[in-house]
Amino acid sequence: MSDFTEFKAKAKAVWSDFASMENFTGVAAPRLVKFANVSAQQKVLDVAGGTGVVALTAARTGAKVTGSDLTPELVKRAKENNETVNSEIEFYEADVEDLPFDDESFDVVLSQFGHMFAPRPDIAVQEMLRVLRPGGTIAFSTWPPELFMGSFFKINGKYGPPPPEGVQSPVLWGNVDIISERLGSHVSEITFDRDKLVMPGLSVQHVRSVFETTAGPLKKMVQAFASDPEKLTNLRNEIDDAIFNYFEDNFLRMDYLMTRAKKV
Ligand SMILES: C[S@@+](CC[C@H](N)C(=O)[O-])C[C@H]1O[C@@H](n2cnc3c(N)ncnc32)[C@H](O)[C@@H]1O
């Protein structure tokens with residue numbers, strides 16, 4: 001197995017229970033759909049779409065939507081959500097670095113906190129642009145490195161196993177200069193905007209305990225450090241400090257970046 005095959009097998013395991021977060025990320029979905037100007041009859045692809053929160057929201061505009069994600073458990077849940085809302089979205093298990101769709105077959109390609117987790121950003125963006133028609137819109141939401149989620153990923157990286165050689169940090173997708181460089185001359189009219197997601201919690205520690213049971217990488221580390229209480233305490237203290245900076249009025253504020261551009 002190449003490092004990336006193993007990396008993706010691990011990613012699937014890490015994300016397998018992300019369905020419990022769908023109502024949290026679901027709140028941001030309408031914002032991305034509006035930002036991308038999705039409209040009726042457009043062919044829309046959502047990549048790394050998890051349980052389909054963006055796809056389901058986009059479909060409400062009358063667009064013809066396709067959803068995709070790497071993790072089988074989430075695709076299964078997306079199909080269940082699709083049945084629940086009686087929508088006609090097709091969901092596929094698919095790696096954003098190797099999309100099973102024809103060239104130039106979509107008017108809009110979206111990703112919410114998703115494609116940023118592909119280990120090779122150049123390949124992910126090349127695939128997203130390949131399946132997009134010229135003049136079509138690529139739009140995504142990502143976590144900036146300097147804000148809460150950036151700190152959270154940094155702490156996870158410090159305590160977790162080192163990534164294989166060549167894997168880029170997901171939060172580089174939250175830096176406007178790096179985004180502009182990665183999209184390069186393949187796009188025009190790059191536009192950025194910001195919004196926020198909030199996670200309710202009764203205290204810093206209460207919010208952290210939610211992450212410990214829902215955020216895949218942290219959950220795995222907390223389990224692994226059960227036999228090393230000092231390490232577990234240090235990890236928890238660092239996360240509490242990061243949450244403290246953005247905790248107000250019984251919620252954690254998580255600002256994110258949105259990017260939109262047109263394929264030339
Ligand atoms: C934070 S979740 C976001 C899910 C969804 N977009 C949402 O907003 O709820 C990250 C998602 O990226 C997916 N993912 C990670 N690596 C991927 C890859 N290489 N190709 C496709 N999806 C991937 C995971 O399975 C997971 O569903």
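Of all residues in the range 253-264, those satisfying the criterion of being touching a Lys or Arg at 6+ places or on another chain (Cβ under 9 Å) and open to solvent by less than 10 Å² (accessible area, probe 1.4 Å) are M254, Y256, L257, M258.
Yes or no: the range 19-40 includes at least one residue that is open to solvent by 30 Å² or more (accessible area, probe 1.4 Å), over 22 Å from P217 (Cβ atoms), in contact with a Gly (Cβ under 9 Å, 6 or more places away or on another chain) and not aromatic (F, W, Y). Within the range 19-40, one or more residues are open to solvent by 30 Å² or more (accessible area, probe 1.4 Å), over 22 Å from P217 (Cβ atoms), in contact with a Gly (Cβ under 9 Å, 6 or more places away or on another chain) and not aromatic (F, W, Y).
Just a yes or no: is a residue in the range 36-47 modelled with pLDDT of 95 or more and near the ligand (Cβ under 9 Å from one of its atoms)? Yes, that holds for at least one residue. Against the list (1) of a type in the set (V, I, T); (2) closer than 17 Å to L32 by Cα; (3) touching a helix residue (DSSP H, G or I) at 6+ places or on another chain (Cβ under 9 Å); (4) more than 15 Å from the ligand (Cβ to nearest atom), the condition V109 fails is (4).
Among the residues here, P119 qualifies as assigned to a loop (DSSP other than H, G, I, E, B), under 14 Å from the mean Cα position of the chain (by Cα), within 15 Å of the ligand (Cβ to nearest atom) and under 29 Å from E238 (Cα atoms). Please tell me if E73 is away from the ligand (no atom under 12 Å from the Cβ) and either open to solvent by 70 Å² or more (accessible area, probe 1.4 Å) or among the aromatic types (F, W, Y) (or both). Judged against the criteria, E73 is not a match.
Contact map, the range 8-26: residues that are farther than 15 Å from E212 by Cα paired with residues that are open to solvent by 30 Å² or more (accessible area, probe 1.4 Å) and in a loop (DSSP other than H, G, I, E, B), Cβ distance under 7 Å, separation 6+ or inter-chain. Pairs shown: K8/L70; A11/L70; K12/L70. Considering K196, K154, the condition of being over 28 Å from L56 (Cα atoms) and not β-branched (V, I, T) is satisfied by K154 alone. If you filter the range 38-85 down to residues that are small (G, A, S) and not in a loop (DSSP other than H, G, I, E, B), you find that the one that is farthest from the chain's Cα centre (by Cα) is A59.
Only one of (1) without any contact (Cβ under 8 Å) to a residue 40 or more places away in the chain; (2) open to solvent by less than 20 Å² (accessible area, probe 1.4 Å); (3) of a type outside the set (S, T, N, Q) is not met by I123, so which one is it? Going through the list (1) without any contact (Cβ under 8 Å) to a residue 40 or more places away in the chain; (2) open to solvent by less than 20 Å² (accessible area, probe 1.4 Å); (3) of a type outside the set (S, T, N, Q), I123 breaks only (2). If the condition is being open to solvent by 30 Å² or more (accessible area, probe 1.4 Å) and within 15 Å of F4 (Cα to Cα), then the range 89-120 contributes D95, D98, F117, R120. Considering (1) part of a loop (DSSP other than H, G, I, E, B); (2) out of contact with any Gly (no Cβ under 7 Å at 6 or more places or on another chain); (3) within 11 Å of the ligand (Cβ to nearest atom), the lone condition that K8 does not fulfil carries the number (1).
The values are calculated or read from the model by the stated rules, or taken from the named source; none is laboratory data. Everything numeric here is computed off the predicted structure, so don't read it as measured data. Quick reminder, even Gly has a Cβ in these numbers, built from the backbone with ideal geometry, and neighbours come from all protein chains shown. Ligands, DNA and RNA are stripped out before the accessible areas are found, and what is left, the full protein with its side chains, is counted by its heavy atoms. Shrake-Rupley method; radii C 1.70, N 1.55, O 1.52, S 1.80 Å.
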